[in-house]
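Shown next, in structure tokens, is the structure this report addresses.
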Amino acid sequence: MRLSAVNGRLIHRAVRGADGLLAGVLDKAQFWQRWAGTAMNARQTGVLNSVLDGMGGKLTNARWAALANALLIRRCGISTT
């Protein structure tokens, strides 16, 4: 009997986690649908995706520049080592 109570809590926690993940995916899709008609370059799109995917902390000017630069380096295949 105790085992089934533990399993029930685990399943409940898993469903709550999946619900939160799905809500984030739907919010991101809704955001991109709303702004579909707005011209954005690849760097802007990449930074916005990072923010929408849950990048923690404040998005300062310096952080925006660092993210955009990292995305540019990755897209161009430039080695940083």
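A few remarks follow.
- Positions within segment 45-58 being surrounded by fewer than 11 Cβ atoms within 10 Å (Cβ to Cβ) and β-branched (Val, Ile, Thr), in sequence order: none
- Residue count for segment 28-44 under the criterion of being part of a helix (DSSP H, G or I) and surrounded by 11 or more Cβ atoms within 10 Å (Cβ to Cβ): the result is 7.
- Close Cβ contacts (under 8 Å, 6 or more residues apart or on different chains) running from residues in segment 19-41 that are in the same structural domain as Leu52 (by TED's automatic domain parsing) and small (Gly, Ala, Ser) to residues that are surrounded by 10 or more Cβ atoms within 10 Å (Cβ to Cβ) and in a helix (DSSP H, G or I) are absent.
The values are calculated or read from the model by the stated rules, or taken from the named source; none is laboratory data. All values derive from a computational prediction rather than experimental measurement. Ideal geometry is used to build each Cβ from the backbone, glycine not excepted, and the neighbour counts take in all protein chains shown.
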